[in-house]
Structures are given as C-alpha cells and as structure tokens.
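So the structure is just underneath, and the comments pick up after that.
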Ligand SMILES: *Cc1c(COP(=O)(O)O)cnc(C)c1O
C-alpha cells in the first residue's frame, strides 16, 4: 500500500532531536529557558528586526500585536479577507470590529489600491482604523511597501501576518520585518514547526518587552505575585523552542525544496488548459510554502472539487484555497471592501501537496491524478 500524501506535513530531523535532548538533559522543561532566548535572537536576526518574543502560537502573536497597538472595544481593524481565521479572531478577543479587505489578482494578497482608497474615504469620514493586518499568503508577501505607505499617510499601525511566509522577501527585506509588528507561526503545517508556537517581531524593543510581560500573566516586578493588568499565558516552552531552532537552521533548504516542488508541478501540469498557478510578485521572492493554482472549469472540463475528490480517492490530501472571512458565518455581519477577487479564488483554487519531504515519486502520483481529471 502506498502511504497517504499529506498537504504539508512536519519534516523533522536529527538536529531537532539533539536540541530537544539538550533541553531535557539541562532540565529546562518550562515555558522559558536558554532555547527560548536563543530562538528569539535567531528569529530576529533571520527576519531583520531588533527584537522578538517567542509565543505559544501565531494567534497569540496576532492578539498581543493588536493589544499593543491599542485596539479596544469598538475600534476598527482592517484585515485581509482572504486568510485563515486566526488573522481576524483576535480582533474579536479585544471587542474590536473587523473590516475585511479584498485581494488583488496579481498577488492574491490585500489590494493596496483598494486599501489606499478606503483609507482616504475613512479619513474623510473621520473614522480611521486602529490597525491594518496585512497577510502574506502561501509564502508570498503582500505589497508591503505600498501598504506601509498608505498606513503611514494616515498614522495607522500596520501588522504583518507573516505566519505563512517565513523565508520570503519583499523589496529586499525579509517577511515579518514590515509594519510595527510581524507575526510568525510554527504550527505543524508551516514551513518550519516547533510542534506548535509562534513569534512576535518588531524593531520596538520596548513593545516586545511589553509583549513578554503580557504573555507571562502580566506579572509586576515584585517577589510575590502581583498584577495590575490582565495577562495571558502565551510563552513558548523551552522544549518546543529547541525543535524550532533545529528547524530554523534548515530554513534555506526548506525554501529551496518548496520552490522546487512548485517548479515540478508547473512542468507537470502547466500545459493543461484552464490551470493557472499563483503568480509571483515582481517585488520579491515567494517561498511557495504551498503550491496553489486555480482551475477554470470550462477550460479544464472539470471543477476544482472534481480534482480534489479524485486526489482524495487516491489517498492524496489537497485543499481548497482559504474561504474568505466575509463568507464565514461567524463574520457575516462585518463590513467588506470589495470581495469578488477572493470569492473567485475560493471557487476555483486548490492547494496541492507541498511538504519539504515530498518525493519526486509522490509528486508524479499527484500530477498523474490531476491530468487524469482533465476532460479537454
Ligand atoms: C497559521 C496561521 C496563523 C496562526 O498561527 P497558529 O500558530 O496556528 O496560531 C495566523 N495567520 C495565518 C495567515 C496563518 O496561516
């Protein structure tokens, strides 16, 4: 029997094992310790920021970024609608009001023209958002230079959700380094994993110190337990940081492998009618965390769902692109700016198996199944 091919499974090796053994042997089995400190330094260095707080998840990082941006009851936060729910949920933890902004067709990320226009209109109305959360999807940075300029013009805090884009670049800068805060995730399906974890990046060292304070139950400096503010338990375990460090040391190879996966899919499927791969923006390099494509059902002779079910029948995991947040029942009441681009991507889009451990033989199986569904 051939084993199931997963979308983006963890890929761990001996470096991680040795570092975890060190965490055990040194008895630093706690949500602090030398691997946490080292992981924070290494992430900041890799992403080109002065400071970093390692946290229990990417969601926690979004939450603390919004908290430190001053988001509170009734404040608007504008987010990419085409994303995972974790980019938006923390707005609601803080009783803020999400406003959902559509993507453009060239980057699939937040449309900078749409954002500029809407910020102008909001400034005229006298109701600017407290923050903008721009997401870097599937390994590709949003047009962060233009988004940053639009936010700066109106004094709006930018948060870069780079959970899917560690290792990517835009305008010669690393993903995670834009805006006041950058967010990373080390969930099991991301380009590197710690078995669950995340990080908050910033050049504001004081803000990162505040993030650590809130992540450690907002404990005041006193010998006893004293609290003047509401805190959270959001710090990363030293054991998990050890795994993350091992993974981070191989990031370049992981990016190269994921990009090679993409190139092989293009070679194997690019000639089929109706298939279009996610474009790569001219201003940067994508990691191709996931290989994503759209399938025009008329040209291809079958739908995205036909392809997904045919793959599943062969024990191959694939997945539709993100369902836009403005189509989610839980965010049905939210204002949306545009929406057709992301709706179309959701209708036609598919993510193919893209792990860094994917073999050529496995990839050939995927290509063969997809080709078999084409009816033209
Ligand atoms: C994975 C992800 C997150 C959340 O990260 P977790 O570590 O799973 O909490 C946030 N935003 C995006 C875009 C993601 O893909």
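Readers should treat all values here as calculations from the given coordinates under stated rules, not as data from a laboratory. Since we're looking at a predicted model, the values are computed, not measured. All Cβ positions, glycine included, derive from the backbone under ideal geometry; neighbour counts span all protein chains shown.
Things to note:
- Net lengthening on full extension, residue 335/residue 361 (0.36 nm per residue, minus Cα-Cα): 4.8 nm
- Between 271, 111, 136, the residue with the greatest mean-square fluctuation in the GNM of the chain (Cα pairs under 10 Å linked by springs) is 271.
- Estimated FRET transfer efficiency (residue 296, residue 260; beta-carbon r; R0 22 Å; 0.05): 0.25
- Taking other C-beta atoms within 10 angstrom as a stand-in for reagent exposure, 49, 291 fall in the order 49, 291, fewest first.
- Residue order, fewest to most surrounding Cβ atoms within 10 angstrom, among 8, 103, 95: 95, 8, 103
- Prolate/oblate/rounded label for the stretch 188-242 (Cα gyration tensor, a/c 1.5): prolate
- Relative contact order (%) - criterion: Cα under 8 Å, at least six apart; region: the stretch 251-373: 32 percent
- Taking all C-alpha pairs of the stretch 14-248, those more than 34 Å from each other amount to 14 percent.
- Most simply put, the stretch 14-248 has about 50% antiparallel DSSP beta bridges, counting only bridges with both residues inside it.
- Global form of the stretch 78-163, assessed from the alpha-carbon gyration tensor, a/c cut-off 1.5: oblate
- Histogrammed with a bin width of 10 Å, the alpha carbon distances of the stretch 88-128 distribute as 27, 40, 32, 1 percent, first bin at zero.
- Note on the stretch 204-328: percent of Cα-Cα distances in each 10 Å bin, starting at 0 and stopping at the bin with the largest distance, equals 10, 23, 24, 20, 15, 7, 2.
- Cα-based Rg of the stretch 264-346 normalised by 2.2 N^0.38 Å, two decimals: 1.27
- For 28, 322, order by how many other beta-carbon atoms lie within 10 Å, fewest first: 28, 322
- For the chain, averaging the sequence separation of C-alpha pairs within contact (under 8 Å, six or more residues apart) and dividing by the residue count gives a relative contact order of 23 percent.
- Label zone at residue 344, where the point sits 7 Å out along the Cα-to-Cβ direction: the stretch 284-317 residues whose backbone N lies under 17 Å: 293-300, 304
- Taking the helices alone, the chain has a mean residue ellipticity at 222 nm of -11500 deg cm²/dmol, built from -39,500 (n - 2.57) per DSSP H run of at least 4 residues and averaged over all its residues.
- Rule-of-thumb Rg ratio for the stretch 1-49 [Cα; 2.2 N^0.38 Å; N residues]: 1.59
- Taking only the Cα atoms of the stretch 208-275, the radius of gyration and Dmax are 22.3, 69 Å.
- Annotation for the stretch 314-338 versus the stretch 100-120: alpha-carbon center distance of 17 Å.
- Within the listed set 147, 159, 183, the Gaussian network model of the chain (springs between alpha-carbon atoms below 10 Å) gives the highest mean-square fluctuation for 147.
- FRET efficiency for residue 120 and residue 26, using Cβ-Cβ distance with R0 set to 51 Å, rounded to 0.05: 0.40
- For the chain, modelled as a GNM whose springs connect Cα atoms under 10 angstrom apart, the maximal fluctuation among 29, 255, 132 occurs at 29.
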